[in-house]
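Any read-out appearing in this document is the output of simple, stated calculations on the displayed coordinates, not a laboratory observation. Please read all numbers here as calculations on a predicted model, not as lab measurements. Note that we place each Cβ from the backbone using ideal geometry, even for glycine, and neighbour counts take in every protein chain shown.
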Amino acid sequence: MAAYQDRLILRIYVEETERCGDESVCRRIVESAKRHGLAGASVVRGFVGFGRSGQIHRATLRKSTNRPPVIIQIVDCPEKIESFASGLEDLKEGGLVTIQRVAAAQIPSCAKGD
């Protein structure tokens with residue numbers, strides 16, 4: 001097993017329908033993370049949640065006026081996460097940003113034939 005290293009996990013909680021101009025906030029953050037050379041980013045869609053407004057939002061199979069919650073997660077070294085997080089000013093009107101210390105190790109992939 002690879003050695004664990006100190007990392008930070010950045011989580012950004014927004015609504016799936018949240019926009020920044022003409023662009024999805026999720027897409028904008030993921031593309032920005034890629035441009036900044038971060039190790040990777042994942043967007044996880046929630047089934048149900050609520051935030052500051054107290055209104056419960058649900059994901060449905062069909063399009064509706066609901067605004068399901070999503071979490072954008074990025075894990076990298078502290079310096080890169082802190083630098084990237086300081087540039088998330090576009091979220092000042094909506095969304096929640098958290099940073100947590102984690103111990104992370106890269107899991108090696110299996111070679112064919114193993």
Label zone at ALA39 (point 7 Å along Cα-to-Cβ), backbone N below 17 Å, region 1-18: 1-12
Here FRET efficiency (C-beta to C-beta, THR17 to ARG101, R₀ 25 Å, nearest 0.05) is 0.20
Please find the FRET efficiency linking GLU31 to GLU89, where r is the Cβ-Cβ separation and R0 is fixed at 22 Å, and quote it to the nearest 0.05. 0.85
Going by how many other Cβ atoms sit within 10 Å of their own, how do SER83, SER24 line up, fewest first? SER83, SER24
For region 10-51, shape from the Cα gyration tensor axes a ≥ b ≥ c, cut at a/c of 1.5 then a/b versus b/c, turns out oblate
